[in-house]
């Protein structure tokens, strides 16, 4: 699923100050542009260049799998959302897109509320779409049916949304992931997950990020979520690549490699060539988090980064 | 503002059939991937490659302006949304992002409605963000204050959202624009708009798209909107580059070059170096629409496109 942070960060004062300190530096260097909403930023020239170059590096490594390339937009079908248990497991992170469907009279009423500074959002109706919480979600419903022999490998890149406002620059509400998804037998899915635990480490180390792979869990909601977190960890389904950004004690996940069992295959009727329910796995690279880790590790000016890192990224 | 289509398309049968026909061809060639929502598609390998190459072409032309490069995500601050008159002029196109902010008990109640197939969307609250209706909107609030001498030039690319479900493949609900924005004096803004009317034509013609620039207007909402449409046309503020995609009689806008007067400068307190309210202009290229026009004009297989077009786009 490539939901990458494990737990909501503990915003005790010292670490919150470190978050603010790094955020101020990033804004001062025009890497991030504040928008007045915590976790929603514009990206500056050099920050974006680093993201593009790391994205291209990951694409080159993934090309060895000869994947199909698909790109989904940051919204997806509300009916598909209803099938993936997100409303049960991560309701606090959801983004539901609402719109205005009335006529001239309803419009005047809504404008009246808008002008009186009252809540006009309840004049809206739920649209057909939700914000995409993980960029591989829209892929699975498009794969309903029988996979070709050998299954499928897909290269994805796009924006994911999670409603979790924070001063931690690494906890954005909207950010890009580059993912490689495998659909196939349990063995094929597991092999993909494990291949990328190794390859992911190599990629991160090649740009000077000393990541560690750790068993992790998604941030399941509420009291009931505690059990699910424990089960997920016990089954070793999710590995995160963590590296310190603002804190040595609380390193940040900048990527993850995940085995979904038959979760998506069962939800969307995806079958392997021999008729079994398909299993899936995906690796995800959090592009903004990788850039934040690079700027933290190597400094705020790319021209001062180690020669080897600049060469690997093709920064010139 | 780069709101590009002028009017809601007339969906009389003959043209609707032509829309469906082209959409079926695009899906058959895996250029677009249906998601079950009209106007929301995944993009296939070759479709995306064409977009990337056209995007790079536009970037090279824009680089002559030595612009700052900024990238904003597909959501922006609700408070900024409230300042740009979109709720007055285009309420039917808006996307308001709502989320769940309750605890365990409220969650159980919402899940009950979800399971009984009742409307659970009213258990949500408006979040701090709206979908971005035009990709230059988030730029202006970030430019509040005094511009440097000579103003600013900014290169933007990203997703815009418009709620207008349609079978016309060119009328997507979520699509990418590449824009070049000018902030400065009235003369600087107008010169930018006019420069790009000429350059935009050259770029489109270089890839074999016989665009025409036409005076246009945005799709202002409702009865009151008629006056605004007339005023906008009378002032010659908006030029669209149109080319036939599914219809000779109703050519599609695949880009536009717009002069905003001091609309954004006044709304967000942007001033020129000598203290006057800043004016602005932008040119926008609709990347998916350009790809749709290219596939329609040159055929569904890029390898059969004219040599010259392949060379200009670097398609190999």
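Computed values, structure above
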| item | result |
| --- | --- |
| Conditions (1) in contact with a strand residue (DSSP E or B) (Cβ under 9 Å, 6 or more places away or on another chain); (2) surrounded by 16 or more Cβ atoms within 10 Å (Cβ to Cβ); (3) not in a loop (DSSP other than H, G, I, E, B): number failed by residue A:295 | (1) |
| Members of the stretch A:203-218 found to be assigned to a loop (DSSP other than H, G, I, E, B) and buried (at least 19 other Cβ atoms within 10 Å of the Cβ), listed by number | A:207, A:209, A:211, A:216, A:217, A:218 |
| Test result for residue A:194, more than 22 Å from residue B:125 (Cα to Cα), more than 10 Å from chain B (Cβ to nearest Cβ), part of a loop (DSSP other than H, G, I, E, B) and at pLDDT 95 or above | no |
| Among the residues listed as A:145, A:200, A:151, the single one being at positive phi, assigned by TED's automatic domain parsing to the domain that holds residue A:54 and out of contact with any helix residue (DSSP H, G or I) (no Cβ under 6 Å at 6 or more places or on another chain) | A:145 |
| Yes/no for residue A:118 being under 22 Å from residue B:93 (Cα atoms) and surrounded by fewer than 20 Cβ atoms within 10 Å (Cβ to Cβ) | yes |
| Residues (under 15 Å from residue B:190 (Cα atoms) and assigned to a strand (DSSP E or B)) located in the stretch B:150-166 | B:152, B:153 |
| Close pairs (8 angstrom Cβ cut-off, 6 or more residues apart or separate chains): not assigned by TED's automatic domain parsing to the domain that holds residue B:254 in the stretch B:171-194, surrounded by fewer than 24 Cβ atoms within 10 Å (Cβ to Cβ) anywhere | none |
| Number of positions in the stretch A:219-247 that are part of a helix (DSSP H, G or I), loosely packed, with under 13 Cβ neighbours inside 10 Å and more than 14 Å from chain B (Cβ to nearest Cβ) | 3 |
| Among the residues listed as B:111, B:147, the single one being facing another protein chain (nearest Cβ under 9 Å) and at pLDDT 95 or above | B:111 |
| Residue check for residue A:99: surrounded by fewer than 22 Cβ atoms within 10 Å (Cβ to Cβ), facing another protein chain (nearest Cβ under 8 Å) and more than 19 Å from residue A:284 (Cβ to Cβ) | no |
| All positions within the stretch B:58-82 that are within 30 Å of residue B:229 (Cβ to Cβ) and surrounded by 17 or more Cβ atoms within 10 Å (Cβ to Cβ) | B:58, B:62, B:72, B:74, B:75, B:76, B:77, B:78, B:80, B:81 |
| Pick from the stretch A:1-51, criterion within 16 Å of the chain's Cα centre (by Cα) and modelled with pLDDT of 95 or more, ranking: surrounded by the most Cβ atoms within 10 Å (Cβ to Cβ) | A:41 |
| Conditions (1) facing chain B (nearest Cβ under 7 Å); (2) farther than 15 Å from residue B:97 by Cβ; (3) surrounded by fewer than 21 Cβ atoms within 10 Å (Cβ to Cβ): number failed by residue A:105 | (1) |
| So residue A:130, is it within 14 Å of another protein chain (Cβ to nearest Cβ) and assigned to a strand (DSSP E or B) | yes |
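For (1) more than 21 Å from residue B:200 (Cα to Cα); (2) within 11 Å of chain A (Cβ to nearest Cβ), each residue gets a yes or a no:
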{"site": "B:40", "(1), (2)": "yes, yes"}
{"site": "B:44", "(1), (2)": "yes, yes"}
{"site": "B:50", "(1), (2)": "no, no"}
{"site": "B:67", "(1), (2)": "no, yes"}
{"site": "B:70", "(1), (2)": "no, yes"}
{"site": "B:78", "(1), (2)": "yes, yes"}
{"site": "B:82", "(1), (2)": "yes, yes"}
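The values are calculated or read from the model by the stated rules, or taken from the named source; none is laboratory data. Fair warning: this is a prediction, and the values are worked out from it, not measured in the lab. Counting neighbours? That spans all protein chains shown, and the Cβs are built from the backbone with ideal geometry, glycine included.
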